[in-house]
Amino acid sequence: MHSAVLLIEFGSILLGLGLLGRAAGRFQLSPIPLYLLAGLAFGEGGLLPLGASEEFVAIGAEIGVILLLLMLGLEYTAGDLVTNLKAHYPSGLVDCALNAVPGAVAALLLGWGPVAAVVLGGVTWISSSGVIAKVLGDLGRVGNRETPVILSVLVLEDLAMAVYLPIVTALVAGAGLLAGSVTLAVALGAAGLVLFVAVRYGRVISRFVSNDDPEKLLLVVLGLTILVAGVAQQLQVSAAVGAFLVGIALSGEVAEGAHTLLSPLRDLFAAVFFVFFGLHTDPASIPPVLLPALALALLTAATKIATGYWAARRAGISVRGRWRAGGALVARGEFSIVIAGLAVGAGIEPSLGPLATAYVLILVVLGPLTARYTEPLARRLGGRRTARKRSSQTAEPAEAGAAEAGAAEAGASVSES
């Protein structure tokens with residue numbers, strides 16, 4: 001009986017997610033907010049709470065996080081990461097300062113403590129690579145001059161996750177300074193070792209994993225990823241970081257083949273992850289944090305636009321391209337929820353999950369709008385400012401001419417008298 005209920009509940013979840021994804025696609029929107037809302041509807045305090053399938057959904061959510069980070073790693077080669085780090089690290093530092101600090105300060109102002117501040121800083125810092133990539137494709141901007149700048153900022157954020165996630169994992173686990181330092185040292189050592197091995201021996205690793213049979217390739221890559229993720233979690237480094245490093249280590253045809261095979265699985269389990277996060281958020285807890293979430297969303301939308309503008313100006317992009325780069329970076333999504341999920345699972349701060357949910361819901365909807373309209377709006381405002389300057393400049397000579405004419409008339413009247 002229990003297994004029948006489990007199948008019915010989980011089947012209903014997947015069917016509902018499929019219909020929501022189709023609806024989002026019809027309106028050219030990201031499905032993430034709809035998945036979160038579905039989780040809210042079927043979770044604690046929702047319309048129809050689920051019971052039997054929650055444990056199964058939890059396992060699916062863990063696999064979703066692992067696949068998200070694996071696919072992210074497959075997007076880059078170790079050489080790409082090293083090149084981006086050398087060329088664009090100032091943009092990454094500006095990005096961190098402008099977008100992580102507001103979240104950390106907000107958490108401290110709300111009285112949540114330093115651990116929650118580190119977590120909320122990460123939530124407001126990391127942009128959604130998935131949403132941004134889709135928006136750039138929809139707007140036909142993949143070939144634009146500012147697009148490499150946008151991608152370089154995203155790459156640096158993703159690389160920073162390899163350092164940031166182990167820190168958060170250690171903090172939410174309540175590890176002391178020594179244990180946290182050891183965890184960070186292990187994570188940095190592992191990341192450095194993987195980058196070194198991938199640069200030197202990437203072809204050898206890819207040749208070992210490579211297989212012409214898609215079934216065997218899928219099993220080897222998926223098995224290797226979950227194994228490394230489990231070992232990483234056992235070492236308190238974070239399973240997500242382990243998966244990310246496996247993705248970096250693979251390159252060439254193997255990476256392309258694995259990306260093609262794993263994309264449907266990634267989308268499936270990522271959707272389950274967003275539902276799982278929503279399941280653990282009581283809808284009644286969102287209204288009290290809605291105003292702080294809205295204020296933080298508007299503030300960090302502005303700071304992301306400033307980040308993209310600065311990075312594009314540094315790269316010599318035109319003013320219009322700078323505004324487009326800034327507007328494109330606003331969206332937050334999957335990785336903000338991944339970061340918040342670590343704290344929610346550890347019970348760090350009850351209000352953190354609802355605030356993160358509201359924050360992501362706002363920016364995942366606002367992000368595509370800022371990507372589309374930031375540059376035209378800036379151009380229109382700039383045009384008005386230019387018109388005012390021109391009108392003031394033409395008014396000044398006219399006023400000077402009128403004053404001179406008045407002075408001449410006054411002089412003539414004095415001479416006549």
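Filtering region 305-361 down to residues that are of a type in the set (S, T, N, Q) and within 16 Å of Leu40 (Cα to Cα), which residue is nearest to the chain's Cα centre (by Cα)?
Applying the filter and picking the extreme gives Thr357.
Select from region 249-297 the residues that are of a type in the set (A, V, I, L, M, F, W, C) and in contact with a Phe, Trp or Tyr (Cβ under 8 Å, 6 or more places away or on another chain) and list them in ascending order.
Selection gives Ala271, Phe274, Val275, Leu279, Ala293, Leu296, Ala297.
Only one of these is more than 19 Å from Lys304 (Cβ to Cβ) and of a type in the set (Gly, Ala, Ser): Gly130, Gly92, Gly121, Gly73. Name it.
Result of the check over Gly130, Gly92, Gly121, Gly73: Gly73.
Take residues that are closer than 23 Å to Val94 by Cα and hydrophobic (A, V, I, L, M, F, W, C) and tell me which of the helices (runs of 4 or more DSSP H) falling wholly in region 252-367 contain 1 or more.
Qualifying helices (runs of 4 or more DSSP H): 287-314, 319-328, 334-346.
Would you confirm, using the coordinates I've provided, whether Ala240 is at pLDDT 85 or above and in a helix (DSSP H, G or I)?
For Ala240, the condition - at pLDDT 85 or above and in a helix (DSSP H, G or I) - is not met.
Taking Val209, is it farther than 22 Å from Val119 by Cα and modelled with pLDDT of 80 or more?
yes
Inspect region 277-296 for any residue being closer than 28 Å to Asn84 by Cβ, over 16 Å from the mean Cα position of the chain (by Cα) and either of a type in the set (Gly, Ala, Ser) or modelled with pLDDT of 90 or more (or both) and give the result as yes or no.
For region 277-296, residues closer than 28 Å to Asn84 by Cβ, over 16 Å from the mean Cα position of the chain (by Cα) and either of a type in the set (Gly, Ala, Ser) or modelled with pLDDT of 90 or more (or both): absent.
Name the residues in region 84-143 that are of a type in the set (S, T, N, Q), within 29 Å of Phe27 (Cβ to Cβ) and part of a helix (DSSP H, G or I), would you?
Correct list: Asn99, Thr124, Ser129.
Among the residues of region 212-241, count how many are farther than 15 Å from Gly202 by Cβ and either of a type in the set (Lys, Arg) or in contact (Cβ under 8 Å) with a residue 40 or more places away in the chain (or both).
16
The values are calculated or read from the model by the stated rules, or taken from the named source; none is laboratory data. Keep in mind it's a predicted model, so treat the numbers as computed, not measured. Positions of Cβ are generated from backbone atoms using ideal geometry, with glycine treated the same way; all protein chains shown enter the neighbour counts.
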